[in-house]
Amino acid sequence: MSARTSRSESDSPPAETVDVVVIGGGVAGLNGALMLARSRRSVVVIDSGTPRNAPAAAMHGFIVLDGTPPLEILERGRRQVRRYGGRIVFGEVASTEPAAPSADGDLRFTVTLADGRTLTARRVLVATGLSDVLPEVPGLAAHWGRSVVHCPYCHGWEVRDEPVGILATGPASLHHALLFRQLTDDLVYFTHGTELDADTRARFAARDIRVIETEVREVVNDVDGTLAGVRLADGTVVERHVIAVATRTQARTKGLDGLMLPMEDLPDGMGRRYASAMAGSTDVPGVWVAGNATDLSAQVGASAAAGALAAAHINALLATADTDAALAAAQGENAPA
């Protein structure tokens with residue numbers, strides 16, 4: 001699930017090779033770009049304009065910025081990147097591929113946008129984020145990010161003391177229920193075709209979590225369009241004002257196949273991410289990944305920090321590459337004729 005945002009003015013892609021192309025304009029990508037631009041690296045952020053948290057009214061759980069609308073955070077981030085000379089280009093990435101290295105052997109990558117524009121970069125930071133896959137229950141997606149939520153830390157305080165329903169999607173929903181039970185005394189667990197063992201039933205009963213095993217057929221709205229509850233297969237309507245669902249999460253991969261980045265599956269089929277190591281480095285030389293594309297559970301603060309760490313690592317290796325090239329050039333000039 002994602003929503004397209006309004007876009008500020010797009011910068012023009014430079015014709016010359018840049019130090020780093022950042023693919024993804026969320027907090028991980030923008031914070032990475034900020035660190036690079038402040039290090040006087042030429043950096044371009046490619047932003048599709050479809051952040052994961054666009055439907056949410058506010059971002060929570062990140063000190064100082066708690067309660068700030070997500071789109072405001074992104075707009076402020078773009079301004080800050082541009083302040084140091086970074087560029088923000090709005091567009092969809094069609095392909096990203098290794099290119100022929102420079103004359104001194106330095107890496108090169110070509111990024112092609114859907115409208116045909118191309119960029120050449122020495123290094124790539126992938127910060128595309130993820131997509132949430134919701135259960136196919138009619139009416140559920142319409143409330144995503146407002147009355148249908150996934151994260152107790154992002155939305156929990158705002159739904160405290162409300163009648164909450166956990167729509168089970170798999171084993172992760174069991175712990176999900178315990179976290180939301182901390183926030184409300186009125187919690188119903190809809191098994192939605194999943195199984196509960198005797199121990200889990202006893203634990204739920206001890207916490208006064210009601211279990212409903214009849215299949216959920218659809219979300220029911222009030223006359224004003226707000227979420228009123230869910231209708232079961234037998235026609236019963238269970239009043240709920242909030243539905244919490246542990247979504248299946250999928251790293252966004254569009255336009256990145258040419259990099260041949262390794263991916264990993266999460267247990268129990270709950271997601272798929274890019275594999276990464278220290279500071280977001282990958283098995284593909286010259287390519288890093290940061291934020292939700294590799295850490296599917298990272299919130300805003302962790303994603304921003306990951307972008308900064310990856311950028312520092314990129315800058316350090318570029319500094320070494322620049323020095324190697326300078327030394328080779330100097331030795332070539334000083335070589336006897």
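The values are calculated or read from the model by the stated rules, or taken from the named source; none is laboratory data. A quick note: this is a predicted structure, and the numbers were derived from the prediction, not measured. Cβ coordinates were reconstructed from backbone atoms using ideal geometry, including for glycine residues, and neighbour counts include every protein chain displayed. The protein model used for the area step is the full one, side chains on, heavy atoms only, and it has no ligands, DNA or RNA in it. Shrake-Rupley method; radii C 1.70, N 1.55, O 1.52, S 1.80 Å.
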*Given ALA28, ALA15, which one is farther than 19 Å from VAL126 by Cβ, among the hydrophobic types (A, V, I, L, M, F, W, C) and outside any strand (DSSP E or B)?*
ALA15
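For residues that are charged (D, E, K, R) and in a loop (DSSP other than H, G, I, E, B), scanning just the stretch 96-107, find the one that is surrounded by the most Cβ atoms within 10 Å (Cβ to Cβ). Spell out the reasoning first.
To start, the set of residues in the stretch 96-107 that are charged (D, E, K, R) comprises 97, 104, 106.
Going one step further and asking which of them are in a loop (DSSP other than H, G, I, E, B), we end up with 104, 106.
On the way: ASP104: 11, ASP106: 16.
Step by step, filter the stretch 96-107, then rank; the result is ASP106.
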*Look at the stretch 273-302 and say how many of its residues are under 19 Å from ALA246 (Cβ atoms), open to solvent by 50 Å² or more (accessible area, probe 1.4 Å) and modelled with pLDDT of 95 or more.*
3
_Condition first: touching a Lys or Arg at 6+ places or on another chain (Cβ under 8 Å), in contact (Cβ under 8 Å) with a residue 60 or more places away in the chain and of a type in the set (A, V, I, L, M, F, W, C). Now tell me which residues in the stretch 22-66 satisfy that._
LEU30, VAL44, ALA54, ALA56, ALA57
*Quick one: which residue in ARG201, ARG217 is within 19 Å of LEU134 (Cα to Cα) and out of contact with any Cys (no Cβ under 9 Å at 6 or more places or on another chain)?*
ARG217
*Any residue in the stretch 208-219 that is open to solvent by 40 Å² or more (accessible area, probe 1.4 Å), under 32 Å from the mean Cα position of the chain (by Cα) and within 16 Å of VAL148 (Cα to Cα)?*
yes
*Failed item, numbered, when LEU309 is tested on (1) touching a helix residue (DSSP H, G or I) at 6+ places or on another chain (Cβ under 7 Å); (2) assigned to a helix (DSSP H, G or I); (3) free of Cβ contacts under 8 Å to residues at least 24 places away in the same chain*: (3)
_Set ALA319, ALA326: member being modelled with pLDDT under 95 and open to solvent by 30 Å² or more (accessible area, probe 1.4 Å)_ = ALA326
*asked:* Could you tell me how many of the residues in the stretch 41-86 are more than 21 Å from HIS313 (Cβ to Cβ), out of contact with any Gly (no Cβ under 8 Å at 6 or more places or on another chain) and crowded, with 22+ Cβ neighbours inside 10 Å?
replied: 1
*Matching option when the condition is charged (D, E, K, R), in contact (Cβ under 8 Å) with a residue 60 or more places away in the chain and farther than 30 Å from ALA326 by Cα, among ARG117, ARG123*: ARG117
*the stretch 108-128: number of residues that are assigned to a loop (DSSP other than H, G, I, E, B) and surrounded by fewer than 17 Cβ atoms within 10 Å (Cβ to Cβ)*: 4
*In the stretch 84-97, which residues are touching a strand residue (DSSP E or B) at 6+ places or on another chain (Cβ under 6 Å) and not hydrophobic (A, V, I, L, M, F, W, C)?*
GLY86, ARG87, GLY91, SER95, THR96, GLU97
